[in-house]
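Encoded as structure tokens, the structure appears first; notes follow it.
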Amino acid sequence: MFSSLKIGLLIVVLAGAGGGFMYVKNLKADLATSEANNLKLEQSVESQKAVITQMKADFEMQNIIKANLEKQNDELKKEFAALDKKFNKINGKGEVRDIGDLGIKRPESVERIINKGSANAMRCSEIAMGSPLTEKEKNATKKSEINSECPSIANPNYVPY
């Protein structure tokens, strides 16, 4: 009976040691998996930080572009108001100028003015679409040298007086 008790205790001790060994082996496998997951998470965090940095830079660039567009829009509004004032001048009699009546009375003058204005407007469209400025446009400083339809974009060195 004593020997069967020894054998039973030996079996329990061996089973406990085997169970402990299996438990430690399982813990090591879990630790390796956790370390691999942790490495992936750290890489993910680094890539997300890079994305956040790029997004911040993009946002700042968008704000700069927006400010430039708002400034250009304000200038264009001023130019539109000036052009509207040109076409709706009040003559000496206190009446609003009538382009049709002027065209009938002085067709050559009106044709010349409209053709020059159309050519200037076309050049403004070309510049707005990315066409480079010519040396003549860059160097224009006098009112007689400028593109009167869009002096702010066609003649950067012109200062109105």
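Residue-level check: of (1) at pLDDT below 85; (2) farther than 30 Å from residue 127 by Cβ; (3) surrounded by 10 or more Cβ atoms within 10 Å (Cβ to Cβ), residue 38 misses just (1). In this structure, does residue 139 turn out to be out of contact with any helix residue (DSSP H, G or I) (no Cβ under 6 Å at 6 or more places or on another chain) and exposed (fewer than 11 other Cβ atoms within 10 Å of the Cβ)? Criteria not met by residue 139. Going through (1) exposed (fewer than 10 other Cβ atoms within 10 Å of the Cβ); (2) within 29 Å of the chain's Cα centre (by Cα) one by one, residue 160 falls short only on (2). Of all residues in region 107-141, those satisfying the criterion of being charged (D, E, K, R) and either closer than 21 Å to residue 80 by Cα or assigned by TED's automatic domain parsing to the domain that holds residue 84 (or both) are 116, 123, 126, 137.
Of all residues in region 58-83, which are over 21 Å from residue 117 (Cβ atoms) and among the acidic types (Asp, Glu)? Within region 58-83, 58, 60, 70, 74 meet the criteria.
Go through 60, 75 for me and flag whichever is surrounded by 10 or more Cβ atoms within 10 Å (Cβ to Cβ), under 30 Å from residue 149 (Cα atoms), of a type outside the set (A, V, I, L, M, F, W, C) and not assigned by TED's automatic domain parsing to the domain that holds residue 124.
On the way: 60 fails: under 30 Å from residue 149 (Cα atoms).
None of the other options fit; the residue is 75.
Restricted to region 78-96, and to residues there that are of a type in the set (Lys, Arg) and under 17 Å from residue 150 (Cα atoms), the residue that is modelled with the lowest pLDDT is 86.
Can you tell me which of 97, 106, 112 is touching a helix residue (DSSP H, G or I) at 6+ places or on another chain (Cβ under 8 Å) and surrounded by 10 or more Cβ atoms within 10 Å (Cβ to Cβ)? Full working, then the answer.
Details: 106 fails: touching a helix residue (DSSP H, G or I) at 6+ places or on another chain (Cβ under 8 Å); 112 fails: touching a helix residue (DSSP H, G or I) at 6+ places or on another chain (Cβ under 8 Å).
Going through 97, 106, 112 in turn, the sole match is 97.
The values are calculated or read from the model by the stated rules, or taken from the named source; none is laboratory data. The structure displayed is predicted, hence computed values, not measured ones. Quick reminder, even Gly has a Cβ in these numbers, built from the backbone with ideal geometry, and neighbours come from all protein chains shown.
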